[in-house]
Amino acid sequence: MNRVIARKVVPANNQIFKLSRKKFFSDEAAKASTSAASSQSNQESDGNLSFTGNVQPYDIAIVGGGMVGMALACSLATTPLTKHLSVAIIDSSPALANKPCIKREDPPDPRVSTVTPATISFFKDTGAWQYVQQHRHAYFDKMQVWDYTGLGYTKYDARDVDKEVLGCVVENKVLHSSLLSRIEDTDFQKKIYHSRLTSMSLNPSSSSIVVDSTASTEASYARGRLAKLELSDGNSLYAKLVVGSDGGKSQVRELAGFKTTGWKYSQNAVICTVEHSVENYSAWQRFLPAGPIALLPIGDKFSNIVWTMNPEESSDFKSMKEDDFVKAVNHALDYGYGPHHKSSLPGSAGMFSWLGGNVTIFANESFEIPPKVVKLASERMAFPLSLMHANEYASKRVVLIGDAAHTVHPLAGQGVNLGFGDAFALSRIIAEGIAVGMDIGEVSLLKKYEAERKLANMTMMAILDGFQKAYSVDFGPLNILRAAAFHGAHFISPLKRSIISYASGEQRLPLFS
């Protein structure tokens with residue numbers, strides 16, 4: 001449902017936003033100190049409970065209980081310095097109201113994520129990965145990337161960087177359920193509100209109001225030490241810090257007045273689950289004239305398709321007969337749109353001979369054809385693609401993570417990994433603030449998170465956007481340049497190692513090392 005948000009700038013530093021006839025105020029940073037953790041029930045909300053009297057505030061309100069929001073909650077719940085915090089999770093999703101029953105015998109859901117080794121390490125650190133391993137998931141240690149011209153291709157192997165895997169493909173519902181299960185196995189003081197945020201109030205601090213450690217919640221709110229949230233079910237609550245993890249159309253981002261920069265791509269992504277007659281152990285990606293197609297292993301002879309194309313084509317491919325769609329997928333991953341790459345192109349390695357010992361011919365890296373698709377195993381879903389980046393991630397008592405802060409093109413499967421990186425970085429910085437007695441909603445603390453994650457996110461966004469634009473043009477000289485880039489990534493071992501390390505989640509630019 002679309003909501004109209006009107007904004008009016010008023011004197012001083014206050015802003016009034018209207019949403020469903022409710023107002024909230026935003027102020028500049030003001031110093032405040034944190035108090036002891038409040039005592040909150042860790043039972044989930046069962047009904048419409050309104051706050052009255054001197055109710056204790058939450059330390060953190062997480063708006064959006066999807067994968068990234070739950071990753072933050074899980075990290076907070078399992079970190080010694082933050083596990084005592086009281087947390088409200090606000091999300092109307094049925095997945096939080098009724099935990100889904102995940103059956104191994106069911107075909108995989110088409111909504112999957114390719115998690116990097118860095119993300120896997122984060123999950124293991126919190127204890128959530130053990131729950132992922134109880135369900136279907138598929139590690140892969142090799143990946144082949146090529147284009148439709150037949151001029152360029154490259155293969156990546158985890159062994160090139162002394163790793164066991166390049167990534168793991170997991171259904172989104174498995175990741176989400178695993179994080180929630182891990183949280184439920186702790187004594188974390190969390191309460192889930194199955195509702196939507198309708199307004200958020202941040203009072204400007206006032207030096208004329210004296211607040212001591214025994215002050216009421218209302219007095220602390222008036223002093224600017226708390227944010228007030230009102231929900232669609234009539235509940236109201238207070239928190240020292242509000243985290244917006246509510247997706248690309250973030251309500252928190254809109255209400256807090258964060259500006260964004262971005263654009264829509266003239267592309268849609270069609271996703272689905274397909275079945276093979278043999279197991280698929282590798283990840284495959286081919287760049288086609290209208291966009292890339294990716295084939296990702298999901299286990300049990302299933303793979304996931306992410307096929308980028310123009311909106312008109314996506315409508316056709318989504319509605320065509322299943323047999324025709326399977327033929328189209330195999331065509332796109334084989335001889336469709338252009339010839340196979342010839343592994344023995346003359347001079348392929350010779351063109352980089354000036355690099356001397358940095359040129360490596362890797363064994364068992366000849367061009368391969370992906371396993372044939374024999375059956376469509378799920379519904380086909382399509383969604384538009386865009387790039388969006390919030391100009392700021394943090395202000396007084398408000399911070400953004402995940403898609404609320406940035407959305408990227410899915411061609412490298414990095415979107416959710418950036419979000420998980422946000423979640424774990426914010427958890428760590430909150431812990432660091434608590435260790436030195438800081439107010440966790442203080443803007444100076446939150447800006448440390450912003451500075452760290454902005455660089456990582458913007459670098460990845462620029463690389464992905466560059467790839468998208470480079471493959472949006474079919475032009476002879478540009479095709480040759482792209483082929484040279486593929487060969488460079490294939491034959492120049494330091495470059496190949498850097499690309500693999502960067503894509504695996506190491507915050508290091510894919511340059512020579």
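The values are calculated or read from the model by the stated rules, or taken from the named source; none is laboratory data. Since the structure is predicted, the reported quantities are computational estimates derived from the model, not experimental observations. For neighbour counting, all protein chains shown are included, and Cβ atoms are generated from backbone atoms with ideal geometry for every residue, glycine included. Note: areas computed on protein heavy atoms with side chains; ligands, DNA, RNA excluded. Shrake-Rupley method; radii C 1.70, N 1.55, O 1.52, S 1.80 Å.
A few notes on this one:
- If the condition is being part of a loop (DSSP other than H, G, I, E, B) and either more than 25 Å from T273 (Cβ to Cβ) or modelled with pLDDT under 90 (or both), then region 139-173 contributes Y148, T149, G150, L151, G152, D162, K163, E164.
- Residue among K375, K342 that is basic (K, R), modelled with pLDDT of 90 or more and open to solvent by 50 Å² or more (accessible area, probe 1.4 Å): K375
- Strands (runs of 3 or more DSSP E) enclosed by region 183-302 - at least 2 residues per element that are within 23 Å of the chain's Cα centre (by Cα) and touching a residue at least 40 places away in the same chain (Cβ under 8 Å): 189-193, 236-244, 260-276, 283-288, 291-299
- Any chance K124 is in contact (Cβ under 8 Å) with a residue 40 or more places away in the chain and either over 20 Å from the mean Cα position of the chain (by Cα) or in a helix (DSSP H, G or I) (or both): no
- Count - residues of region 279-333 that are among the β-branched types (V, I, T) and within 21 Å of D106 (Cα to Cα): 4
- In region 146-159, residue nearest to L288 (Cα to Cα) [restricted to those that are among the hydrophobic types (A, V, I, L, M, F, W, C) and either surrounded by 21 or more Cβ atoms within 10 Å (Cβ to Cβ) or touching an Asp or Glu at 6+ places or on another chain (Cβ under 8 Å) (or both)]: W146
- Number of the condition not met by T198 [criteria: (1) among the β-branched types (V, I, T); (2) open to solvent by less than 20 Å² (accessible area, probe 1.4 Å); (3) touching a helix residue (DSSP H, G or I) at 6+ places or on another chain (Cβ under 7 Å)]: (3)
- Scope region 95-117; condition surrounded by fewer than 19 Cβ atoms within 10 Å (Cβ to Cβ), in a helix (DSSP H, G or I) and within 20 Å of the chain's Cα centre (by Cα); matching residues: A95
- Residue pairs whose Cβ atoms lie under 7 Å apart, separated by 6 or more positions or on different chains, with the first residue in region 453-465 and surrounded by fewer than 21 Cβ atoms within 10 Å (Cβ to Cβ) and the second modelled with pLDDT of 85 or more, are K454/Y393; A456/G421; M458/H389; L464/V408; D465/L387.
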